[in-house]
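The values are calculated or read from the model by the stated rules, or taken from the named source; none is laboratory data. Just so you know, these numbers come straight off a predicted model, no measurement behind them. Counting neighbours? That spans all protein chains shown, and the Cβs are built from the backbone with ideal geometry, glycine included. Each accessible area value is taken on the protein alone, full model and side chains, heavy atoms only, with ligands, DNA and RNA left out. Shrake-Rupley method; radii C 1.70, N 1.55, O 1.52, S 1.80 Å.
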Amino acid sequence: MLEKTKAEVIAYLYNNLSSAIVMPCYYFSHDDWKKNKKRIVDDVINQFFLASNSRIIVRSSCLDEDRIELSNAGKYLSVPDVRTSQEMVDAVERVLTSYKADGRQENPKDQILIQPMLEDVAFCGVAFTLDPNTGGNYYVINYDMSGGTDGITSGMGRSNRLFYKYKFLDEGYNPSEGEVFIPKLLDALKELEALFEKENLDVEFAVDSKGQLYIFQVRELVIKTSSVEKNMQTGIVEDICKKVASQQQKKPYLCGHRAIYSVMTDWNPAEMIGITPKPLALSLYKEIITDSVWAYQRDNYGYRNLRSFPLLVSFGGCPYIDVRVSFNSFVPAELDEKISEKLVDYYLDMLEERPEEHDKAEFNIVFSCYTFDLPERIKVLKGYGFSEEEIHKILESLRNVTNNIIDHENGLWRKDYEKIEKLSERYEEIVNSSLSDVEKVYWLLEYCKRYGTLPFAGLARAAFVGVQLLKSMVTCQIISLEDYEAFMNDVDTVSSKMNRDLKELSKDVFLKKYGHLRPGTYDITSPRYDEAPDKYFDWDAMKATGAPDEKNKFRLSMEQMHELRDQVKKNGFNNDILELLDFIKKVIEGREYGKFIFTKSLSKALQIIKEMGGDIGLDAEEMSYLDIHTIYEIYGSASDTNASVKQSIEKGKDAYKKALSLRLPPVIIAPGDVLHFYYPESEANYITSGRAIGEAVEINEVNETDTLEGKILLIQGADPGYDWIFSKRISGFITMYGGANSHMAIRAGELGIPAAVGVGEVVYNECCDALKIEINAAEKKIRVIRTGGEK
C-alpha cells in the first residue's frame, strides 16, 4: 500500500484507520488539472467550501515523494489557509511549480491533494515506529506544543518534546495531564504497522484542544540500517529493567532506601566517554577511576568509606552513575548513621522531584562542603523533617571536612600535589624499560591509578570546594560576579601555559611537552596532538598573532577584605583570607595540572595498545573494541596474546553494536523509565556573563584547513584534549554534556569565552541544525539566529 502516492495512502487511511481521524481528501493529477480545472474547482467548492469560514490546505503529492529509497519529505510546497476558489487555483499552480525544483521534468501523473484545515491545534508532531538512527525497536515521538501543524516538520517549533517507548515490553505508562494523547498515538502506530505490514513508518500527526488525534500522513521511514533483532534487544532491555528493580531496596553498609542512575551526577561519564563509548574507553574509565580510585579519594578526604562500591554501572554498554552510592560518598564520615540515612534519602527524593538537576546535583541538591552561604541554604532541610540539632550536626561535620581539605599547612591537597609529581618519574622509567608491550601498558595504568588519578581525584575534590567557596562569596555579596570572573581569569592553568607556549616554542618543543594530549582522552581512535599536529593547530597563524588581550585583574577593596575576614572568622574557617584565596587558586590550577600529568600515562598506554594492534594487522578502530581487562589477564597468565586480543575485540564489537541500538534516559528512577521516557531539555551551565554570535560548527566536521575564528563550536563530550580549540580564537562554544565545574567550564571562564556547557541532547541537536547562533551567558539563553533551512 505504501508504494502508492501520498494522496492515495491518505485516502486509504480515511476509509480504514479506526484509532485516529484522517481528514477527508480530494486529489487529482497534473494532467487532470490541465484538462478539467473548472470541474475540479467546482468539486472542491462543493466538498469543502460550502460551510462558512471554511479553510483548506493544498498539499503536494508528487510521484517523487514518499518513495521507499527517498522520502523527499518537505521538498515540495504545501499551501495552508486557502479560503476562496481563486486562492485555491493560485495555490495549486504554486504547488505544481514546486515540482520543478532542481530541474525536475514535469510529470502529468503528479498529483495534488486537498483537505480541510484542522482547527484548534494543541500539539503537532512526527512519530517513527523504529529509531531512525539505530534501527532500535522504539516508538519515537517528537512533538511541538506551540500550536500550528508544522512545528516539527519545519524545524521551527520552539516547544518541543521527545518521547521514546520500547515497542515490545509494556509497563504501565501513565501520562501526565496534557499528554494523555500519547497512549492514543501508540495505539494508532500499532494499527498502522498492522495495516501496512511495516515496522518502519514515519507518521505526521496532530492533536486538537479536545484531545482528538489526527493522522496527516504516513510514509515508509527511510533508514540506513536494518532493524535490530527483536528477541536480542528485548532480552537486553529486560535485563536492565531487572537490574534497576533489584536495587530499589535497602542495601547493607549503604544509606538510602532505593537507587537512582544518572549519566552525569558524579565523574560525568557522558561528558568524558560519551553515552555509548567503545569497550576500551569504557573499561579504561572504570579501571582507572570509577571502580575503586574514586572511593579511596572520598574516604581520604573525610567522607564516608565507599571502598569496594563501584560508582559506574554499565547498562548494556551505556555508562551510568549509581547515584545512591555517589550521594553516600558526599556524607562526612563523622556524621552519625541515623542522620546520614535521612540525608541520603532526602537527596534521592530531591533528585526524583527534579531529575533535570542530575548534572548539577552537587551544586543544587547535595551539601558536600561548608561554604559562606551554607547556613542559609541548609535551612531548606527544616521543611523535610530535619530538626535544628540534626542540621547543626550536618553543618559541623561539613565544616570539619572542609577545614581538613583547605588547611594551609596540612591540607590534604598538598599531599596530592606532591604525589602526582612521582608519576612523571615512574612514566619515564616504564617507557624507557625493556618491558614487553603488555607489561608496559599494565604498569603505566597501575602507576596512573596510584600516582595519577588518585591524587587528581583529590585535587578535583579540593577544586570543587574552592569554586563553591568563591561562588558563595558572590551569593553573600562579599564580592561581585565581575570579581568572580576576574579571579577565574587570573587562574593560570596548563591550558593558559599551552596557549603561551604555542606562540613562543618551536613546533618540536611544543609537541614534546603537549603532544600526548588528545581530544578524546580515553578514545584510542582520537589522534594525539603529536600524531596529527596540523589538524589541531595553525602554526603560522598562531606565531603571527599579537599579544593576548589584557586580562581583568582580581583585586579586593579594603571594604571587601574586611567583610571577607569577618565572614571567615564568623563561619569558623581555619585559614585567613589570603590563605583561603591562595588555596582556591592553587587547587583549580592543580586540578588541571593533575589531569595533564595523569593523561600522559593513559595516552602512552593507548599508543602502545594501538601499536600492538598494528603488529597483528589491526588498526585503532579495531583496537577500540578491546576490553582493557584482557591486557590485565594476559599480564597475569601465559595465554596467547594475539588470540586473546582478537577474541576480546570480537566480543566487544558485538556488545557495542547492541549498545548502539539502546535508547535510555539520562536519569533512571524506576524500571519503567527504561521502557518509556521523555528526553529532557537540560538547563545549561552558562559561563561568563558575555555574549557571542557566530557561525555554528560541529567539531566532527572540522578539518585541518578550517578557520574557526569568530565561530561557535559545538562539542558533544568535551574533555581536556579539546584545549586546542582555544588557540583558534573561537567566539564561544556549546557542549551536549558537561558540568559547571568541568574543565571546559573553568577554561571558558579563564579566557572569558561565553559558553553553554551541558545543554543536553535536544538543544544540542537544534544547534547542530542551525547556521548561526547567539550565546547570551548573562541572560542564560541560546538563540538560533539563522537555521539550516534559510539558504
(request) Give the residue, chosen from Glu199, Glu204, that is closer than 14 Å to Leu130 by Cβ and in contact (Cβ under 8 Å) with a residue 24 or more places away in the chain. (result) Glu199
(request) Restrict the check to the range 609-629 and report whether at least one residue is touching a strand residue (DSSP E or B) at 6+ places or on another chain (Cβ under 7 Å) and either in contact (Cβ under 8 Å) with a residue 24 or more places away in the chain or part of a helix (DSSP H, G or I) (or both). (result) no
(request) Quick one: which residue in Ser731, Ser727 is farther than 30 Å from Glu179 by Cα, of a type in the set (S, T, N, Q), at pLDDT 75 or above and open to solvent by less than 20 Å² (accessible area, probe 1.4 Å)? (result) Ser727
(request) Kindly list the number of the only condition in (1) within 33 Å of the chain's Cα centre (by Cα); (2) crowded, with 19+ Cβ neighbours inside 10 Å; (3) within 30 Å of Ile478 (Cα to Cα) that fails for Ser397. (result) (1)
(message) Among (1) in contact with a Lys or Arg (Cβ under 8 Å, 6 or more places away or on another chain); (2) at pLDDT below 85; (3) crowded, with 16+ Cβ neighbours inside 10 Å; (4) part of a strand (DSSP E or B), there is one condition Gln716 misses while meeting the rest; what is its number?
(response) (1)
(message) Being farther than 30 Å from Tyr303 by Cα and open to solvent by less than 10 Å² (accessible area, probe 1.4 Å): is that true of Val237 here?
(response) yes
(request) Identify all residues within the range 336-357 that are surrounded by 23 or more Cβ atoms within 10 Å (Cβ to Cβ) and either hydroxyl-bearing (Ser, Thr, Tyr) or outside any helix (DSSP H, G or I) (or both); write none if there are none. (result) Tyr347
(message) It is to be established whether one or more residues within the range 405-414 are closer than 30 Å to Leu343 by Cβ and open to solvent by 60 Å² or more (accessible area, probe 1.4 Å).
(response) yes
(request) For the range 197-205, state whether one or more residues are assigned to a helix (DSSP H, G or I) and modelled with pLDDT of 90 or more. (result) no
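When residues of the range 74-95 are filtered for being part of a loop (DSSP other than H, G, I, E, B) and buried (at least 17 other Cβ atoms within 10 Å of the Cβ), how many remain?
Taking the range 74-95 first, the residues part of a loop (DSSP other than H, G, I, E, B) are 74-78, 83-84.
Imposing the further condition that a residue be buried (at least 17 other Cβ atoms within 10 Å of the Cβ) reduces the set to 76-78.
The total comes to 3.
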(request) Name, by its number, the condition in (1) more than 20 Å from Glu421 (Cα to Cα); (2) touching a residue at least 24 places away in the same chain (Cβ under 8 Å); (3) outside any helix (DSSP H, G or I); (4) more than 27 Å from the chain's Cα centre (by Cα) that does not hold for Gly520. (result) (4)
(message) I'm checking my understanding of the structure. Among residues of the range 320-335 that are under 22 Å from the mean Cα position of the chain (by Cα) and among the aromatic types (Phe, Trp, Tyr), which one is surrounded by the most Cβ atoms within 10 Å (Cβ to Cβ)?
(response) Phe327
(request) Please state which one of Glu390, Glu409 is of a type in the set (Asp, Glu) and in contact (Cβ under 8 Å) with a residue 12 or more places away in the chain. (result) Glu390
(message) On the basis of being open to solvent by 60 Å² or more (accessible area, probe 1.4 Å) and either in contact with an Asp or Glu (Cβ under 8 Å, 6 or more places away or on another chain) or among the small types (Gly, Ala, Ser) (or both), does Gly617 make the cut?
(response) yes
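Go through Gly302, Gly317, Gly274 for me and flag whichever is at positive phi, touching a Gly at 6+ places or on another chain (Cβ under 7 Å) and surrounded by fewer than 23 Cβ atoms within 10 Å (Cβ to Cβ).
Every option except Gly274 fails the conditions.
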(request) Within the range 372-381, identify whether any single residue is in a loop (DSSP other than H, G, I, E, B) and aromatic (Phe, Trp, Tyr), and answer yes or no. (result) yes
(message) With the condition being open to solvent by 50 Å² or more (accessible area, probe 1.4 Å), among the polar types (S, T, N, Q) and under 21 Å from Val89 (Cβ atoms), I'd like the helices (runs of 4 or more DSSP H) fully within the range 1-56 carrying at least 3 qualifying residues.
(response) none
(request) Please state which of the following conditions Ser368 fails to meet, knowing it meets all the rest: (1) part of a helix (DSSP H, G or I); (2) touching a strand residue (DSSP E or B) at 6+ places or on another chain (Cβ under 9 Å). (result) (1)
(message) Exactly one condition in (1) in contact with a His (Cβ under 7 Å, 6 or more places away or on another chain); (2) of a type in the set (D, E, K, R); (3) open to solvent by less than 50 Å² (accessible area, probe 1.4 Å) is false for Glu589; which is it?
(response) (1)
(request) Spot the failing condition for Lys422; the list is (1) part of a loop (DSSP other than H, G, I, E, B); (2) over 30 Å from Gln248 (Cβ atoms), and only one is missed. (result) (1)
(request) Only residues that are assigned to a loop (DSSP other than H, G, I, E, B), modelled with pLDDT of 80 or more and surrounded by 18 or more Cβ atoms within 10 Å (Cβ to Cβ): list them for the range 134-193, please. (result) Thr134, Gly135, Gly136, Asn137, Lys167
(request) Could you grab me the full set of residues in the range 639-681 that are surrounded by fewer than 23 Cβ atoms within 10 Å (Cβ to Cβ), within 30 Å of Val759 (Cα to Cα), in contact with a helix residue (DSSP H, G or I) (Cβ under 7 Å, 6 or more places away or on another chain) and not aliphatic (A, V, I, L, M)? (result) Tyr656, Lys658, Pro665, Pro671, Tyr679, Pro680, Glu681
(message) Take the conditions in contact with a Ser or Thr (Cβ under 9 Å, 6 or more places away or on another chain) and open to solvent by less than 30 Å² (accessible area, probe 1.4 Å) and apply them to Leu459. Does it pass?
(response) no
(message) Could you check the range 96-119 and list, in sequence order, the residues that are more than 40 Å from the chain's Cα centre (by Cα), within 16 Å of Phe48 (Cβ to Cβ) and open to solvent by 80 Å² or more (accessible area, probe 1.4 Å)?
(response) none
(message) If I filter the range 524-554 down to residues being among the aromatic types (Phe, Trp, Tyr) and outside any loop (DSSP other than H, G, I, E, B), which single residue comes out as modelled with the lowest pLDDT?
(response) Trp539
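If a residue must be in a loop (DSSP other than H, G, I, E, B) and modelled with pLDDT of 95 or more, how many such residues does the range 57-73 contain? Even if it seems obvious, please write down each step before you answer.
Initially, the range 57-73 is screened for residues in a loop (DSSP other than H, G, I, E, B), giving 62-73.
Pick out the ones that are also modelled with pLDDT of 95 or more and you get none.
Total meeting the criteria: 0.
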(message) Tally up the residues in the range 426-456 that are acidic (Asp, Glu) and open to solvent by less than 10 Å² (accessible area, probe 1.4 Å), please.
(response) 0
